[in-house]
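Below is one structure, written out as structure tokens; the observations come after it.
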Amino acid sequence: MTRVLYIDDETTLLNLTQIYLKEEADLDVEVAASAEEGLFRLKNESFDAIISDYDMPDMDGIELLKCVRNENPTIPFIVFTGKGREEIVIEALNYGADFYLQKGGDPKPLFTELANAVRHLVRRSQAEISAKQHEQYWTSIKESINEKLQRIEESAHILQKTPDMSPESGEHITKILTLVRAIHEELNNQYHPNQESS
């Protein structure tokens, strides 16, 4: 289940949002009544996404966002606030917020939009993490194969210098070296997930 931390100093809205997202959207929502409490929980627990108010007494949502991004540059961060001024929206997005939603109006469609945003951003984040892990795995495998091929190539060159080598053995070594170079080339030209097809 997707685990979300919702940070807001408005206790009533905090509880209502938590109940709705848990019961209607099947999200595991934990709450914090201040930015300080939120940062403490983030240091000690694992979450898939963060929802934060902007206007809080100890630290506003932008300052909180900056602190979060210093520690975790990829976790989805949604600014959920009654402040709809354009400069706040721009600032939030510039500092790495993934989504901005203004409070107010009919609560059901508002909470539905919030839940949909959480699900979408978490799916995107997980896909990016998976792609990065796959790329790292591919890179490590390629490096390992290249290293082993290098050892084979070095051994073959040493054997080529053996004084009493028969012509037949020399031909086999030449074939081995040709094959090693071909594998090297294929590995280095191999398509991988982050490479654009031409």
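Yes/no matrix, rows are residues, columns are (1) within 24 Å of LEU27 (Cβ to Cβ); (2) aliphatic (A, V, I, L, M):
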{"site": "LEU93", "(1), (2)": "yes, yes"}
{"site": "LEU114", "(1), (2)": "yes, yes"}
{"site": "VAL118", "(1), (2)": "yes, yes"}
{"site": "ILE129", "(1), (2)": "yes, yes"}
{"site": "ILE145", "(1), (2)": "no, yes"}
{"site": "LYS148", "(1), (2)": "no, no"}
{"site": "GLU168", "(1), (2)": "no, no"}
Filtered residues of segment 79-91 (kept if open to solvent by less than 40 Å² (accessible area, probe 1.4 Å) and touching a helix residue (DSSP H, G or I) at 6+ places or on another chain (Cβ under 6 Å)): VAL79
Answer from ARG123, ARG151 - the residue that is assigned to a helix (DSSP H, G or I), closer than 21 Å to PRO73 by Cα and open to solvent by 60 Å² or more (accessible area, probe 1.4 Å): ARG123
Answer from ILE129, ILE145 - the residue that is under 42 Å from the mean Cα position of the chain (by Cα) and farther than 30 Å from THR2 by Cβ: ILE145
Unmet requirement for LEU177, which otherwise passes all of (1) out of contact with any strand residue (DSSP E or B) (no Cβ under 9 Å at 6 or more places or on another chain); (2) open to solvent by 40 Å² or more (accessible area, probe 1.4 Å): (2)
Odd one out for SER52, checked against (1) within 15 Å of PHE99 (Cα to Cα); (2) touching a helix residue (DSSP H, G or I) at 6+ places or on another chain (Cβ under 6 Å); (3) open to solvent by 60 Å² or more (accessible area, probe 1.4 Å): (3)
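The values are calculated or read from the model by the stated rules, or taken from the named source; none is laboratory data. Please read these numbers as outputs of a predicted model, since none were measured by experiment. All Cβ positions, glycine included, derive from the backbone under ideal geometry; neighbour counts span all protein chains shown. Only protein heavy atoms, including side chains, enter the accessible area calculation; ligands, DNA and RNA are left aside. Shrake-Rupley method; radii C 1.70, N 1.55, O 1.52, S 1.80 Å.
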